[in-house]
Amino acid sequence: MAVEQQILFAGFGGQGVLAMGQFLAYAAMGIGKEVTWVPSYGAEMRGGTANCQVTISDEEISSPLTENPGSIVVMNRPSLDKFENKVKSNGTIVINSSLVDRVPEREDVTVYQIPANSIAEAMGNVRGANMIMLGAYLHMTGPVKVEEALEHFDAIFKGKKPAVIERNRQAFMTGVEWARNNQ
């Protein structure tokens, strides 16, 4: 039987939520997995709601959508409020604790709280919170190994300026290091 993982990334538009999902999808494709990436966002560009679902499997994926993902990565409180009860039992909720002022009420899920915005501000890269969250998420849950993701970093950010790629790589690795030290 195929092992299939569904991950939902959610937050406000402008927080890099769709980019997190795309990064994971490209990294998973890079190691030969079957992948779907389904974005969803409100009519507003920045400040509206945004989320995306990523499904990763060893075999062909029958449906790209799920009502009950195994993991959610939430960048803001409204996303936690909306998606907390959708996560499968024994699933994972990863929270940007810089912007989410409560913990999940469920006791049947694993919860990780990462102060991503605070970490990003401390490293002088306020736009890096999404990559900090992604690096920490991959280290803690491993749908794609950190090393495998790093191998595909340049391809994922193809066309971006080298300084932008490096800032994203540093934010990603800062998230990985934070997870290693706080897990």
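Quick look at the values:
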| read-out | value |
| --- | --- |
| Every residue from region 143-160 that is charged (D, E, K, R), modelled with pLDDT of 90 or more and either surrounded by 13 or more Cβ atoms within 10 Å (Cβ to Cβ) or farther than 17 Å from E177 by Cα (or both) | K145, E148 |
| Among the candidates A129, A136, residue that is over 14 Å from I72 (Cα atoms) and surrounded by 20 or more Cβ atoms within 10 Å (Cβ to Cβ) | A129 |
| Residues of region 1-57 satisfying the condition of being of a type in the set (D, E) and at pLDDT below 95 | E4, E44 |
| Pairs, first under 18 Å from Q5 (Cβ atoms) in region 145-157, second among the aliphatic types (A, V, I, L, M) and outside any helix (DSSP H, G or I), C-beta under 7 Å, six or more apart | E148/I31 |
| Among the candidates L134, L80, residue that is within 15 Å of the chain's Cα centre (by Cα), outside any strand (DSSP E or B), at pLDDT 95 or above and under 23 Å from V3 (Cα atoms) | L134 |
| Total residues in region 106-120, condition in a helix (DSSP H, G or I) and in contact (Cβ under 8 Å) with a residue 60 or more places away in the chain | 0 |
| Residue in region 6-38 that is farthest from the chain's Cα centre (by Cα), counting only those that are over 15 Å from V94 (Cα atoms) and in a strand (DSSP E or B) | E34 |
| Test for P69: is it assigned to a loop (DSSP other than H, G, I, E, B) and surrounded by 19 or more Cβ atoms within 10 Å (Cβ to Cβ) | yes |
| Residue among V164, V103 that alone is surrounded by fewer than 20 Cβ atoms within 10 Å (Cβ to Cβ), assigned to a helix (DSSP H, G or I) and without any contact (Cβ under 8 Å) to a residue 12 or more places away in the chain | V164 |
| Filtered residues of region 1-16 (kept if closer than 15 Å to P78 by Cα and either free of Cβ contacts under 8 Å to residues at least 12 places away in the same chain or in contact with a helix residue (DSSP H, G or I) (Cβ under 7 Å, 6 or more places away or on another chain) (or both)) | L8, F9, A10, G11, Q15 |
| In region 139-168, the residues that are of a type in the set (D, E) and more than 14 Å from Q22 (Cα to Cα) | E147, E148, E151, E166 |
| Hits in region 140-161 - residues which are touching a strand residue (DSSP E or B) at 6+ places or on another chain (Cβ under 8 Å) and part of a helix (DSSP H, G or I) | M140, T141 |
| Where S97 falls short, out of the listed (1) more than 18 Å from C52 (Cβ to Cβ); (2) surrounded by 15 or more Cβ atoms within 10 Å (Cβ to Cβ); (3) over 15 Å from the mean Cα position of the chain (by Cα) | (3) |
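So that you can scan it fast, the table gives a plain yes or no per residue for (1) crowded, with 23+ Cβ neighbours inside 10 Å; (2) touching a residue at least 60 places away in the same chain (Cβ under 8 Å); (3) in contact with a Leu (Cβ under 9 Å, 6 or more places away or on another chain); (4) within 18 Å of V100 (Cβ to Cβ):
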site	(1), (2), (3), (4)
A28	yes, yes, no, no
G42	no, no, no, no
S63	no, no, no, no
V73	yes, yes, yes, yes
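The values are calculated or read from the model by the stated rules, or taken from the named source; none is laboratory data. Owing to the predicted nature of the structure, the values given are computational and were not obtained by experimental measurement. Quick reminder, even Gly has a Cβ in these numbers, built from the backbone with ideal geometry, and neighbours come from all protein chains shown.
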